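Heads up: the structure comes next, in structure tokens.
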Amino acid sequence: MNKKVALTGIKPTGIPHIGNYLGAIAPALKLSETCEARYFIADYHALNSCKDPAEIRLMTVEIAAAWLASGLNPETMLFYRQSDVPETFELLTILLAFTPKGLMNRAHAYKAMLASNAEAGKDPDDGVNMGLYTYPVLMAADILLFDTDFVPVGNDQFQHVEMAQDIAQSFNFVYGTEGFRIPQPLAHADSRTLVGLDGRKMSKSYSNTIPMFAPEKDLRKLIMKIVTNSQEIEEPKDPDTCSIFSLYKNFGTPTQIAALRERYQAGGMGWGHAKQELFEVMNAHLSPLRENYNDLMQNQQVITKALKEGGEKARELAAQKITVLRNIIGIN
Ligand code: TRP
């Protein structure tokens, strides 16, 4: 039986926090059990906003280490850097000829830039480079190059995948052939937002995150900082409005979760106790990953080797696809 192809791009943004882990990494790895997974580091996408070579290099290594440490198996899954597959950029050139400029004008990320420039009284296109403007086309190239069926992404990326559909359909229509498979965006099964240390959505921009590989001591310190109300120890507490419990639900077993729920409702449990329980389940889950991560960062040639081998395999697939496309368009 032919498995469906799942592909997603990973932005090199440094070490992920547990919101990224629960929202993106864990579900993508789960999906790889039923699909043929192709996950790549979108390093050329990062160039639009980051011009610091050392930073791009470091972030690429860190994010690759994070995925490998979380259980990505480069033997069974295709894992590569976008920049190792130059066919991507040939496909980008092809796709640009099928992309109406108006489609790019409607991209949310670009429109957000226009709006913030307008607010600041600046030129509408201030700070907009063509890489940013055509970002959705590069993303379409990433996706269409590998005959992707499913693209697991956050909601903010749905529009980009829909643009890839539009561009692919336009190509298929022009040549009257199924040159491209039409990809479907797939919302992460678990897209409920995780609360951060201050009770708001966990997000880098709120500085309320828990880094995935925080050393044990720091992890405990962060958990102890979670904001709670001022209820006394004896008072019964509501688990369903509590940040500690909402985090706990992601790491405890069903039995553990039910037991903690009862302790909340019975009263006699202080916030310090709840935090200690949370620390224990989180640390048990994250310790092995943290160890893997530290090992990988100490032995970076393991990461480099995995990416290099993955890149070679990806290039073979990509080259075949480009040959087919060149035949269709008459550049062969
Ligand atoms: N744009 C995606 C993000 O910001 C990353 C990305 C690049 C991607 N190319 C992709 C995601 C292709 C899915 C498929 O997170």
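For residue 4, the aspartates and glutamates whose Cα falls under 12 Å of its own Cα, not counting residues fewer than eight places away in the same chain, are 33, 36, 147, 149. Under the simplified labelling scheme, the residue 76-residue 230 pair shows an inter-label distance of 5.3 nm, with each label point 7 Å from Cα along Cα→Cβ.
Summing charges over all other residues whose Cβ lies under 12 Å from the Cβ of residue 105, with Lys and Arg as +1 and Asp and Glu as -1, gives +2. Checking the a/c ratio against 1.5 first, then a/b against b/c, what shape does the Cα gyration tensor give for the stretch 1-80? The shape class here is prolate. Once you reduce the stretch 261-326 and the stretch 55-111 to the center of their Cα atoms, the two points are 19 Å from each other. Label point of residue 174 set 7 angstrom out along Cα-Cβ; within the stretch 291-332, amide nitrogens under 14 Å from it belong to 325-331. The H on the amide N of residue 201, modeled in the peptide plane, is under 5 Å from the matching H of 196, each at least 5 residues off or on a different chain.
The ellipsoid that matches the Cα gyration tensor of the stretch 1-137 has semi-axes, each √(5λ) in whole angstrom, of 30, 19, 15, with the longest given first.
Could you please state, rounded to a whole Å, how far the C-alpha centre of the stretch 169-221 is from the C-alpha centre of the stretch 112-151? Measuring centre to centre over Cα atoms gives 17 Å.
Between their Cα atoms, which of 11/313; 30/313; 111/313 are more than 28 Å away from each other? From 11/313; 30/313; 111/313, over 28 Å: 111/313. Phi angles of the stretch 261-266 translate, via the Karplus equation with coefficients 6.51, -1.76, 1.60 and θ = phi - 60°, into HN-Hα couplings of 4, 5, 5, 4, 6, 6 Hz per residue; Gly and Pro are given as x.
Checking the table 51/217; 221/249; 51/122; 221/305; 101/122 against a 27 Å threshold on Cα-Cα, which pairs fail?
51/217; 221/305
For the chain, the equivalent ellipsoid derived from the alpha-carbon gyration tensor has semi-axes of 40, 23, 19 Å in decreasing order. Helix content alone sets the calculated 222 nm mean residue ellipticity of the chain: runs of n ≥ 4 DSSP H residues at -39500 (n - 2.57) each, divided across all residues, give -16500 deg cm²/dmol.
Which order, highest average first, do 135-141, 163-169 follow once you tally other Cβ atoms within 10 Å for each residue and take the mean per peptide?
Values: 135-141: 23.9, 163-169: 20.0.
In descending order of packing, they fall as 135-141, 163-169.
Amide H to amide H, with H built 1.01 Å from N, residue 41 comes under 5 Å of 10, 80, 81, 82, counting only residues 5 or more places away or on other chains.
Here, each number is a calculation from the coordinates, and none is a lab measurement. These figures come from a predicted structure and were not determined experimentally. Note that we place each Cβ from the backbone using ideal geometry, even for glycine, and neighbour counts take in every protein chain shown.
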